[in-house]
Amino acid sequence: MLDASKIRAISLDLDDTLWPVWPTIARAEIQMQDFLRPQAPTSAALMADPQARAQLRDAVVSAQPGSAHDMSALRLRMIELALQRCGESAALAAEAFAVFYSARQQVDLYADCADALARLAARFPLLALTNGNADVNLVGIGHLFVGSVGAHTVGLPKPHKAIFDAAANALDCRHEEVLHVGDDALLDVVAALDAGMQTVWVNRQGASWQHERTPHLSVSSLDVLCHALGV
């Protein structure tokens, strides 16, 4: 059960917690391919093939294991590799990535999020805690957050304890004073529990809990969290 009296700050996952990520990624993929097509049509076709993209990703991670937790570096290297394999100009990679990255920030917040985040931010410092490369400032909600901690800056992704340690340090709180909110049962909830934080599982799809350890609170939307915290 949630103990609101102990909470001094809140860390929030981004993708699939505040917005659906895959429609955003799909749009960004299409915009990047549209940019490449006039100048690098073979590479554009390669990047449009999900299986080919998966193979490019695997090749990059195999050659550069550290890129697996840095989504921006991984994406850029995938584009470079596609251009290289297709014999097209690698000079296009940086601009193609910029097109993708800009589109990747054009998210559609879940209906409950804008108001709920404002209510939460009025009471608690909010910190973005993500394995992805969304930027709350570019998304348009940065004014509600005191900062952001990402896998690419820590060097390790969730569920590693190091990223939760970095979040607690950034918030200047003990782990037990931080409430972590996220949609992923393992990466967010179980990992944050292991790190000593209170946890909220954002379960928008009504899934059943499949793990031995349980979140302090399960909610279908951030409105429910606001009600539980009295904000």
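Residues in segment 169-200 that are surrounded by fewer than 23 Cβ atoms within 10 Å (Cβ to Cβ), closer than 16 Å to Asp13 by Cβ and without any contact (Cβ under 8 Å) to a residue 40 or more places away in the chain: Ala185, Leu186, Val190, Ala191, Leu193, Asp194, Ala195. Leu117 meets each of the listed conditions (1) farther than 28 Å from Asn169 by Cβ; (2) part of a helix (DSSP H, G or I) apart from (1).
Checked against the criterion of being in contact with a Gly (Cβ under 6 Å, 6 or more places away or on another chain) and either of a type in the set (D, E, K, R) or closer than 15 Å to Thr17 by Cα (or both), the candidates Asp188, Asp183, Asp165, Asp172 yield just one match: Asp188.
Within segment 97-114, restricting attention to residues that are assigned to a helix (DSSP H, G or I) and not aliphatic (A, V, I, L, M), the residue that is farthest from Asp188 (Cα to Cα) is Phe97.
Answer yes or no as to whether Thr153 is surrounded by 15 or more Cβ atoms within 10 Å (Cβ to Cβ) and among the hydroxyl-bearing types (Ser, Thr, Tyr).
Numbers: surrounded by 15 or more Cβ atoms within 10 Å (Cβ to Cβ): no; among the hydroxyl-bearing types (Ser, Thr, Tyr): yes.
Taking the combined requirement at face value, the residue does not satisfy it.
Can you confirm whether Ala94 is without any contact (Cβ under 8 Å) to a residue 40 or more places away in the chain, part of a helix (DSSP H, G or I) and surrounded by 14 or more Cβ atoms within 10 Å (Cβ to Cβ)? So Ala94 does not fit the description; no. For segment 83-104, the condition of being in contact with a Ser or Thr (Cβ under 9 Å, 6 or more places away or on another chain) and within 30 Å of Val178 (Cβ to Cβ) holds for at least one residue. Looking across segment 2-21, the residues that are touching an Asp or Glu at 6+ places or on another chain (Cβ under 8 Å) and of a type outside the set (Asp, Glu) come down to Lys6, Ile7, Arg8, Ala9, Thr17, Trp19, Pro20, Val21. For segment 142-153, the set of residues classified as closer than 17 Å to Asp70 by Cβ and free of Cβ contacts under 8 Å to residues at least 24 places away in the same chain consists of Ser148, Gly150, Thr153, listed by residue number. Is it the case that Ser43 is surrounded by 17 or more Cβ atoms within 10 Å (Cβ to Cβ), assigned to a helix (DSSP H, G or I) and hydroxyl-bearing (Ser, Thr, Tyr)? Taking the combined requirement at face value, the residue satisfies it. In this entry, Asp13 is excluded by the filter for residues that are loosely packed, with under 15 Cβ neighbours inside 10 Å and assigned by TED's automatic domain parsing to the domain that holds His143. Every listed requirement among (1) part of a helix (DSSP H, G or I); (2) at pLDDT 95 or above is met by Ser11 save one, (1). Out of the residues in segment 48-91 that are at pLDDT 95 or above, outside any helix (DSSP H, G or I) and not charged (D, E, K, R), which is surrounded by the fewest Cβ atoms within 10 Å (Cβ to Cβ)? Among those that are at pLDDT 95 or above, outside any helix (DSSP H, G or I) and not charged (D, E, K, R), it is Gly87.
The values are calculated or read from the model by the stated rules, or taken from the named source; none is laboratory data. As the structure is a prediction and not an experimental result, all values here were calculated from the model. Cβ: placed from backbone, ideal geometry, glycine included. Neighbour counts: every protein chain shown.
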